[in-house]
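The values are calculated or read from the model by the stated rules, or taken from the named source; none is laboratory data. The structure presented is a predicted model; accordingly, all values stated were derived computationally and were not measured.
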Amino acid sequence: NVEKPDIVKKIHLSYYDAGSDVVLTNSFGGNKIKLASHGLEDKCHELNYAAAQLVNDVKPEGKFAAGSMGPTGKFLKPHGEYTEEEFEEAYAAQAKALTEGGVDFLLIETQYDLKEALCALRGVRKSSNLPVFVTMTFNRNPRGYFTIMGNSVAQCVEELEAQKAPAIGTNCTLNSADMVDLLKIMRDATPLPLIAQANAGQPSLSSDGKVTYSQEVEDYVNYIPQMIKNGANIIGGCCGTDPGYIKRMAEI
């Protein structure tokens with residue numbers, strides 16, 4: 001964001017050109033706790049503020065910029081070393097910078113622990129008056145859909161709805177086929193607007209070090225109509241997708 005802003009802006013513009021109504025800032029790992037693993041916690045405000053401005057520099061009229069806020073990558077006590085207050089402070093600082101940088105709303109995303117998601121929501125509201133959406137990440141097993149911390153879909157929906165999140169949803173891990181059934185469960189549990197951002201399948205590493213994903217674009221978009229039918233209001237792409245996927249989704 002600071003050292004190579006033109007590259008970041010070019011990527012943002014490619015998504016708008018492909019048909020995106022909303023583009024996320026390059027700030028997924030921008031909270032202080034995550035940045036600390038790289039010795040960059042003191043640059044939290046600078047990096048997130050720059051991230052917001054870069055999207056706004058190329059945002060067409062009538063389109064939107066969302067402040068991406070990914071997980072800390074750490075765990076709350078007793079599973080980890082952090083307190084809820086420390087998580088809240090980390091998210092508050094990031095939200096403040098993104099808000100001052102000019103995003104239209106904030107997206108707390110890829111949350112694998114409901115407790116952290118709730119900390120993030122409280123933290124954001126300490127420093128920003130912008131709308132804030134929350135997406136959880138679920139795995140699918142024989143018992144259904146659960147986060148890695150064991151949170152059920154019903155539990156996540158109930159808690160986030162109680163905290164008056166204006167829109168909720170799911171992103172990452174699942175491909176578009178697996179997300180179809182998950183959305184039906186979420187829609188049955190809430191009238192809130194639902195966000196869905198599926199992975200392009202699972203990643204694999206080739207012998208030459210190239211990462212590829214298992215779900216090709218045509219198979220991916222084949223499930224988009226069913227995702228909409230099952231309740232998705234806002235649809236985008238997660239890991240493995242690119243402007244080509246967005247272009248095909250926008251054509252549906």
Tell me, yes or no, whether segment 197-212 has at least one residue that is of a type in the set (Val, Ile, Thr), under 24 Å from Phe133 (Cα atoms) and either not assigned by TED's automatic domain parsing to the domain that holds Pro131 or not in a strand (DSSP E or B) (or both). no
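If you take the residues of segment 130-169 that are among the polar types (S, T, N, Q) and in a loop (DSSP other than H, G, I, E, B), which of them is farthest from Gly67 (Cα to Cα)? I'd like the intermediate steps shown before the answer.
Just the residues of segment 130-169 that are among the polar types (S, T, N, Q), to begin with: 135, 137, 139, 141, 147, 151-152, 155, 163.
Those left that are additionally in a loop (DSSP other than H, G, I, E, B): 137, 147, 151, 163.
On the way: Thr137: 18, Thr147: 23, Asn151: 25, Gln163: 20 Å.
My answer is Asn151.
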For residues that are on the phi < 0 side of the Ramachandran plot and over 19 Å from the mean Cα position of the chain (by Cα), tally how many sit in segment 19-43. 7
